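Down below is the structure, laid out as C-alpha cells.
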Amino acid sequence: MELNGYPGRVIDQCIERRIKGQDVDDLVDPFKSKNETRCWQSEFWGKWMLSAVGAYQYTKDPQLMEKMKYATAGLLATQMKDGYIGNYGQENQLTSWDIWGRKYSMLGLIKFYEISMDKKALKAASKVADHLMSQVGPGKTIIIKTGFYRGMASSSVLEPFVYLYNHTGNEKYLEFAEYIVGQWETPEGPKLISKAIEGVNVADRFPPPESWWSWENGRKAYEMMSCYDGLLELYKVTEKPEYLEAVIKTVDNIIESEINIAGSGSGFECWYGTVERQTMPTYHTMETCVTTTWMKLCDKLLELTDNPKYAEEIEKSFYNALMAAMKFDASEIAKYSPLEGVRIAGEEQCNMHINCCNANGPRGFVMIPAFAVKTKGNNIFINYYGTCNAEVTLNNNLINIHQSSNYPESGKIEISFAPEKSVDFSLNLRIPQWSTVTFVKVNNEVIENIQPGSYLRLSNTWSKSDVISIELDMRGKLHQNHGHQAITVGPIVLARDSRFNDGFVDETAVIQETDGTIEITPVYEKPDHIWMAFTAPCLTGTDLEGVGKIAKPIKFCDFASAGNTWDPATRYRVWIRKTLNVMNRKYEGY
C-alpha cells in the first residue's frame, strides 16, 4: 500500500518524526530501576513499538527494523530472572499502573515477534505472562482489585494473553484469559459483558466516583475499550456469542451517545454523554489515546463483521480528531483536541520527555494503510478513497489497484485495475452514510440502486482495462444541537478560525441552508497550515436591521487545520451559536 496526497504526507510525516525520530533509549531507561510506586513510564516503550510495527508493515523501512531490534534488545536486558519487565519495586507490584505497563511490554514484544520472527521476543513475553500468573489468579491476588478503574486497566492484559495462546498453543494462557473475563462479572467487577448486553450506557454503568483517579471509577474510556479489544481476540478463539454481542452493543452505544461530530469523545478521559453535551466547552475532552483506541476497536469489529459503519467511524476519527491532534510539523501530538479553543501541547509525564498521547497517537496514523484496502475470501473491500496504490493477492493472482482522486477535497474518485490475468472477484466499495446521492460507473455503465451506509458489491471478471468512476455527495450539510450549528463536507468537519480575520469566531450566527444543505464555496488562498477552506453564507450577530441583515460569506476550514499554528492567538470553533429569533414560532434546535 502507498498512500499519496495530503493524508499520505501527514502519515509519512508522523512516521518520520514521531516514530523514527523517537529516542528509544529514553523509553528503555525507566525499566532499569525498580522503584516506581504510581506512574506509567512502562507503557511508553510498548506504545512506541506498536506504532513502529505498524509503520514497518507499511514502509518496510530497514532502518526502522534496526531501530526496533535495538529497542527490543534494550528492553530484554532489563528483564529479571523471574520474568518481570517493569519499573515497580517488588513491594509495589500489582498496584497503580504496573500491570497496565506489563501489558504494553507484552504487546510490543509479541507484535515485534510477528514481523521479525525473533523468538527471544516471544519467549520474553511468555516469561512476563508466567510471572504475572504467579502473582494473580485463583487463590492469589484478584486481578480486578489491582490498579485503577474497577480493574479495567489491569485486566486489559487479556489481549496479549490471547495472542500468546495463539502463538504458543499453551492452554494456560487461554485459561488465564477466561479467568480475567470471569472476574469482570463478579460483584466488584466492571460488568463489561452483562451491562453491555443489558444496554446500559457506558457513561451510566457506575455512579460518579468520590475520587476521579481511583479504583471505583468505572467509566474510563480508554481502559474500557482496551478490555473490549481483548474480548474480541478471545471471541476469535472461543466463538462464544456473548463476547461479540457485548462488544457490538457497547460500540453501538458509544457511537450513539459518546462519539462527537469530530469522531472522538470523553471528558477527563471518561465517558460522560459526549454527544448530548458536545456544544458545551469542556475541560480535557477528546483525549488522543481515546481517539486512537476507538479507531483500533472499530477496525477489529470491521474485520469480524464487514459492517461499513465501523469503517465510517474510522474515517471520521482520522480526518478530524486524530489529524487535528498532530501539529503541522509532526513535532507534537496533543493530549486533547476540543471542538473550540486553541491547540496546545500536552505536559511531559512521569519525568520523561513524552506523554501518553505522543506515544499512542502514531498508532492511529499507521493503522490507516492497512485499513484502506482489505481482502476476505474472494472479496476486496475499498475503505479508503484518495490517491493511492495497492497490491493484493487473490486466488494466486497479483492485482494492482490504483486510485486517482483528491478526496476528501472532492468526491470524484477513479479506480483502475492491473491484475496479472483476468480474475473473478467481488469488489466492495464503501458508500458512506452521508453520501445520500452517489454515482458509480463501471466502464461507463451506470450502476443503479446505490444505498448509503453500505458496501456496493460489484462481482465481475476484472481485467486491466476496467475502470470504476465514483462521485460522492460533497454538499455542505448542516447539523444542529442545542441552539448550535455545525457544518460538514463529506467526512470533514468545518470550523471557524481567527486567521481568516472575517469576524469574531465566537459570535452568534444563522447559517443559511435549504433542507439541511448549505451552499459552500471552496477558498483557494489560505493561511499557512490550512488544508481545506470554504465559505458558507451566514447571518452574523444579533443585528437584523444593520450590518447583520444580509448573509455574508464566512470562511471555515477543516477541523484538523483549525488552530494549527499552535499559537494561543489562533482561536477556532466548530459549533456556532445560533442567534435566536423569537418571531419564529418554533425555536428549533434550542
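The values are calculated or read from the model by the stated rules, or taken from the named source; none is laboratory data. Computed from a prediction, not measured in an experiment: that's the story for all the values here. When we count neighbours, we look across all protein chains shown, and the Cβ atoms used for this are built from the backbone with ideal geometry, even at glycine.
Per-structure values
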| read-out | value |
| --- | --- |
| Some residue of the stretch 49-64 being in contact with a Leu (Cβ under 7 Å, 6 or more places away or on another chain) and within 25 Å of Thr141 (Cα to Cα) | no |
| Of the criteria (1) hydrophobic (A, V, I, L, M, F, W, C); (2) loosely packed, with under 14 Cβ neighbours inside 10 Å; (3) under 29 Å from the mean Cα position of the chain (by Cα), which one Ile518 fails | (2) |
| Failed condition for Gly346, given (1) in contact with a Lys or Arg (Cβ under 6 Å, 6 or more places away or on another chain); (2) closer than 30 Å to Thr521 by Cβ | (2) |
| Hits in the stretch 260-296 (condition: of a type in the set (Gly, Ala, Ser) and outside any loop (DSSP other than H, G, I, E, B)) | Gly267 |
| Search result, residues across the stretch 211-243 that are more than 26 Å from Cys357 (Cα to Cα) and either without any contact (Cβ under 8 Å) to a residue 12 or more places away in the chain or not aliphatic (A, V, I, L, M) (or both) | Tyr235, Lys236, Thr238, Glu239, Lys240, Pro241, Glu242, Tyr243 |
| Qualifying residue in the stretch 553-574 (condition: among the basic types (Lys, Arg), assigned to a loop (DSSP other than H, G, I, E, B) and without any contact (Cβ under 8 Å) to a residue 40 or more places away in the chain) | no |
| Residue count for the stretch 370-386, restricted to those that are part of a loop (DSSP other than H, G, I, E, B) and surrounded by 19 or more Cβ atoms within 10 Å (Cβ to Cβ) | 4 |
| Output for the stretch 425-455, where each listed residue is under 24 Å from Gly516 (Cβ atoms), modelled with pLDDT of 95 or more and more than 23 Å from the chain's Cα centre (by Cα) | Thr436, Val437, Thr438, Phe439, Val440, Ile450, Gln451 |
| Tally of residues being part of a helix (DSSP H, G or I) and closer than 24 Å to Gln57 by Cα across the stretch 114-144 | 11 |
| Only one of Lys103, Lys119, Lys123 that is closer than 23 Å to Thr186 by Cα and in the same structural domain as Arg17 (by TED's automatic domain parsing) | Lys103 |
| Single residue of Asp299, Asp306 found to be touching a residue at least 24 places away in the same chain (Cβ under 8 Å), farther than 23 Å from Gly8 by Cα and charged (D, E, K, R) | Asp306 |
| So Gly147, is it out of contact with any helix residue (DSSP H, G or I) (no Cβ under 9 Å at 6 or more places or on another chain) and part of a loop (DSSP other than H, G, I, E, B) | no |
| Set Gly364, Gly411: member being within 22 Å of the chain's Cα centre (by Cα), small (Gly, Ala, Ser) and either over 22 Å from Pro7 (Cβ atoms) or not assigned by TED's automatic domain parsing to the domain that holds Val10 (or both) | Gly364 |
| Residue within the stretch 533-548 that is part of a loop (DSSP other than H, G, I, E, B), under 28 Å from the mean Cα position of the chain (by Cα) and either surrounded by fewer than 20 Cβ atoms within 10 Å (Cβ to Cβ) or not assigned by TED's automatic domain parsing to the domain that holds Gly453 (or both) present | no |
| Residues satisfying the stated conditions in the stretch 138-158, i.e. over 13 Å from Ile99 (Cα atoms) and surrounded by fewer than 17 Cβ atoms within 10 Å (Cβ to Cβ) | Pro138, Gly139, Lys140 |
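One line per residue, one yes/no per condition, for (1) part of a helix (DSSP H, G or I); (2) among the hydrophobic types (A, V, I, L, M, F, W, C); (3) closer than 28 Å to Asp558 by Cβ; (4) modelled with pLDDT under 95:
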position	(1), (2), (3), (4)
Pro7	yes, no, yes, no
Asp12	yes, no, yes, no
Arg18	yes, no, yes, no
Gln22	no, no, yes, no
Leu27	yes, yes, no, no
Gln63	yes, no, no, no
